[in-house]
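Here's the structure we're looking at; comments come further down.
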Amino acid sequence: MCGVLATAEIADRLSDGAAAVLSRAPGPLAEIEDWLLLASARELLRIDRTARFWRHRDALGSAGLWEGGALGTSGHLGASLASMHGDGRVREAAVGILSRTDAPLADRMLSVRLTDHVWPVREAATRAVLRRTSLTQADQIVPVLHLIEGRTRGAEVLPLYLHAIAGVHGEAALWSRLRGSTTPAVRRTAFRHSLTNELLSVSDAVATLPLEHDRIVQSLLAHAIADRAAPDVVASALLSDRSAESRVLGLVRLTADLLDPADVERLLVDPGVLVRLWARQRYQEQGRDTLSAYQDVARGSGPAAVRARAYRGLVEAGGTVDREVALDLVVSTEPPLKKAGLHLLAGSAFPADAPLLFEVLRTGTNRVARLASEVLLEMPAAWSDADLLPLASSPGPDLRRRAWWLKRNRSGWDQTIADLEILLDHDPVLAALGRNITIPEFAQPTELQRDQLMALLPRVWPETWRKSRVAFAAGLRSDA
C-alpha cells in the first residue's frame with residue numbers, strides 16, 4: 001500500500017477513497033487509511049499535490065459534495081481526504097475537524113497543510129500542530145516538518161514544534177524518541193544533534209554501533225567514538241566493527257604504539273582496500289615487514305578468502321607474484337583464489353593461456369567468468385570466434401550471455417555482430433540484450449565481418465530500413 005505510485009494511480013485511489021467515505025464501506029476505508037498512514041512523508045506531500053493538480057481536481061469530488069454535509073459525518077478519514085481538496089473552504093473546514101481529532105492520520109494531514117498557499121488554512125494547521133506535543137504525535141508530525149523545512153511555506157514550524165515538545169518532555173526524551181524514527185532522514189538528524197549536544201554518551205554510542213545498519217549513522221557514531229573515547233575503547237569498538245569506515249577510522253586515530261600487533265596483522269588482510277592500506281602503514285611503524293606477513297598468510301592454510309586477500313595485499317604493498325603461482329590460483333577449486341589468480345594474471349597473460357581462460361569462462365561463477373573475460377580482452381588477437389562457438393551454442397543461457405558479452409566488448413564491428421547474433425536467440429531475455437545496437441563510426445569491417453553481417457542482417461531484419469542503415473555503414477551492397 002505504501003509503494004511509490006504513478007500520478008494517475010494516486011488520483012484513482014483518492015477517487016476510490018472519496019467514494020468509500022460516501023458509501024461508508026469499511027474495507028475500502030481501511031485500505032485508504034493504511035495507504036495514507038504508511039506513505040512516506042515525501043510521498044504524502046506528493047499525494048497532496050496530486051489531489052489539487054488541475055488534471056485530477058475532480059478526484060475528490062466537487063466542493064458542494066463536501067459542503068453539503070458529507071464532511072461533518074465522514075469522520076477523520078473523510079476530513080483527511082477533504083483536507084487535500086482543491087477548494088480552500090473545504091480544506092479549511094477539514095482542518096477544523098482534524099484539529100479536534102486525536103487519530104494519528106490527523107497528525108499527518110495537519111502537518112501537510114502547513115504548506116498550504118491559503119493563509120487561514122495554514123494558520124489553523126500551525127496552531128493545531130503546535131498543540132500536539134505527545135511523543136506519539138511527534139512520530140507522525142516530525143517527518144513531515146523535517147521534509148518541508150527547506151520550503152517557502154511551513155519551514156518555520158519545525159524549530160517551534162521541537163521547542164514545544166522539549167518543553168513538555170525534555171531534550172533527552174525528545175531526541176531519544178527521534179533517534180528511533182522510521183524515517184531515515186529524521187534518525188540521522190537526531191543522531192547528529194544528540195552527538196553534537198552530548199545527549200548520547202560515548203558508552204551509548206559504543207553499544208549502539210554494532211546494532212546500527214544505516215551507513216550515515218554508523219559514520220556519526222564511529223567518529224564520536226574515535227574523537228571522545230579512550231584508546232582501548234576505540235580499539236575494541238572500531239577495529240572489529242563490520243563497517244570498513246569504522247575500521248579505517250580506528251587505525252587512523254590510534255598510533256602504532258597504541259595498537260595491538262595482532263589487530264594490525266588481522267587487518268592486513270581486511271576486505272577493505274583502505275583498511276589494508278592503513279594497516280600496512282601501522283604495521284611498518286611497528287617495525288615489521290608487510291611483504292613477509294602477506295607471503296606467510298598467502299602460503300598458509302587459512303580460509304581461501306583470507307589467502308586471496310593476502311595475494312592482493314602483497315601486490316598492493318609493492319611485492320610480486322610469479323606467473324606460475326597466478327596460474328595455479330586460476331585452476332584452484334576455491335572461487336576466491338580463482339579470482340585472486342585472475343587479478344594477478346591481468347596484464348601478464350600469454351596467448352598460450354587463452355584455452356585455460358576459456359575453460360574458466362565456461363565453468364566459473366559469474367564474477368570469475370567476468371574476470372576471465374577481462375583478461376582475454378587484453379589480448380584479443382589470441383582468440384577467435386571459433387573459441388567462442390562452444391559457449392555461443394551452449395544450451396545454457398548463462399554461457400550464451402558470456403559469449404555475447406566477450407565478443408561485444410571486443411568493440412568495433414564485433415560489437416554490432418554480437419548484438420545481431422543475440423537478437424536471434426530463442427531466449428527472449430537474452431534477445432533483449434541486443435536491442436541497443438551500436439554501429440562503428442570510423443571503422444570498416446574485415447572480410448570475415450562483412451560475411452557475417454551479410455548473413456545476419458536478412459535474418460534479423462527482413463524489413464529494409466534497419467538493415468539498410470547497418471549495411472550502408474558497413475559498405476555492403478544495398479540488397480545485403
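The values are calculated or read from the model by the stated rules, or taken from the named source; none is laboratory data. None of the values given here were measured: they were computed from a predicted structure. Glycine gets a Cβ as well: all are built from the backbone with ideal geometry, and neighbour counts include every protein chain shown. In case anyone asks, the SASA skips ligands and DNA or RNA and just uses the protein heavy atoms, side chains included. Shrake-Rupley method; radii C 1.70, N 1.55, O 1.52, S 1.80 Å.
One line per residue, one yes/no per condition, for (1) within 28 Å of residue 374 (Cβ to Cβ); (2) open to solvent by less than 50 Å² (accessible area, probe 1.4 Å); (3) at pLDDT 90 or above; (4) in a helix (DSSP H, G or I):
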residue	(1), (2), (3), (4)
407	yes, yes, yes, yes
417	yes, yes, yes, yes
425	yes, yes, yes, no
458	no, no, no, yes
477	no, no, no, no
480	no, yes, no, no
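Residue-wise test of (1) open to solvent by less than 60 Å² (accessible area, probe 1.4 Å); (2) assigned to a helix (DSSP H, G or I).
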{"position": "138", "(1), (2)": "yes, yes"}
{"position": "155", "(1), (2)": "yes, no"}
{"position": "160", "(1), (2)": "no, yes"}
{"position": "163", "(1), (2)": "no, yes"}
{"position": "173", "(1), (2)": "yes, yes"}
{"position": "181", "(1), (2)": "yes, no"}
{"position": "186", "(1), (2)": "yes, yes"}
{"position": "195", "(1), (2)": "yes, yes"}
Residue count, region 225-249, condition open to solvent by less than 20 Å² (accessible area, probe 1.4 Å), in a helix (DSSP H, G or I) and of a type in the set (S, T, N, Q), comes to 1
Within region 197-219, residues among the small types (Gly, Ala, Ser) and part of a helix (DSSP H, G or I) come out as 203, 205, 207, 219
Restricted to region 250-272 and to residues being among the small types (Gly, Ala, Ser) and more than 28 Å from the chain's Cα centre (by Cα), the residue least open to solvent (accessible area, probe 1.4 Å) is 256
Inside region 87-114, the number of residues satisfying the requirement of being open to solvent by 20 Å² or more (accessible area, probe 1.4 Å) and closer than 16 Å to residue 44 by Cα is 1
So the helices (runs of 4 or more DSSP H) completely within region 29-122 holding 3 or more residues that are at pLDDT 85 or above and closer than 20 Å to residue 153 by Cβ are 41-52, 88-99, 104-112
In region 310-351, anything open to solvent by less than 60 Å² (accessible area, probe 1.4 Å), closer than 18 Å to residue 275 by Cβ and not in a loop (DSSP other than H, G, I, E, B) is listed as 310, 311, 313, 314, 336, 340
Of the listed residues (222, 190), the one being in contact with a helix residue (DSSP H, G or I) (Cβ under 9 Å, 6 or more places away or on another chain), over 24 Å from residue 140 (Cα atoms) and not in a loop (DSSP other than H, G, I, E, B) is 222
Check on residue 370, of a type in the set (D, E, K, R) and either open to solvent by 40 Å² or more (accessible area, probe 1.4 Å) or not in a helix (DSSP H, G or I) (or both):
yes
Note: among 378, 374, 441, just one is over 30 Å from residue 344 (Cα atoms) and acidic (Asp, Glu), namely 441
Residues of region 294-334 being among the acidic types (Asp, Glu) and free of Cβ contacts under 8 Å to residues at least 24 places away in the same chain, in sequence order, are 296, 322, 324, 328
(message) Kindly evaluate residue 147 against the criterion of being modelled with pLDDT under 95 and surrounded by 19 or more Cβ atoms within 10 Å (Cβ to Cβ).
(response) yes
